[in-house]
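Undergrad: Below is a structure I'd like to ask you about.
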Amino acid sequence: MFLVDETPLRVFRNYEDRGISFFPKHQPQRIYASLWEADDWATQGGAVKTDWSKAPFTAYYRNFNIDTSPNGPWKSHDLDARSRNRMKWVQKNYMIYDYCSDWKRFSQAFPPECKHSKAE
């Protein structure tokens, strides 16, 4: 579950019992951030123009916390109805790219986890 200021942005569930495993079981967690070029997928098909006059683009983080303890509260944490609605609102209004709706990239079939992500 990825949250910013207690607002959920994305939830990835473990569907290993359904034959879907894309999370490594024995690998330390990491978080990466990158600034992407103004490629087609990142600009809503070219509709959003990159303002290169604002370069260099930077990002920073503060008060970053991650709980990976084996018995941490994250293990049983779930979204309530209010949080699910907040996440849907954020995704509708701010999400630029979702690989689970990228027909250009996945013309034959979406990755198996995408089947479950819409129902959450």
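The values are calculated or read from the model by the stated rules, or taken from the named source; none is laboratory data. Bear in mind that the values here come from a model prediction, so they are computed numbers and not experimental data. Note that we place each Cβ from the backbone using ideal geometry, even for glycine, and neighbour counts take in every protein chain shown. Surface accessibility is based on the protein's heavy atoms, side chains included, excluding ligands, DNA and RNA. Shrake-Rupley method; radii C 1.70, N 1.55, O 1.52, S 1.80 Å.
Undergrad: Go through (1) open to solvent by less than 100 Å² (accessible area, probe 1.4 Å); (2) modelled with pLDDT of 80 or more; (3) farther than 20 Å from N14 by Cα one by one and return the number of the condition T50 breaks.
TA: Unmet condition: (2).
Undergrad: Right, here's the next one. Yes or no: region 76-93 includes at least one residue that is at pLDDT 85 or above, part of a loop (DSSP other than H, G, I, E, B) and loosely packed, with under 10 Cβ neighbours inside 10 Å.
TA: So far as region 76-93 goes, yes, one or more of its residues are at pLDDT 85 or above, part of a loop (DSSP other than H, G, I, E, B) and loosely packed, with under 10 Cβ neighbours inside 10 Å.
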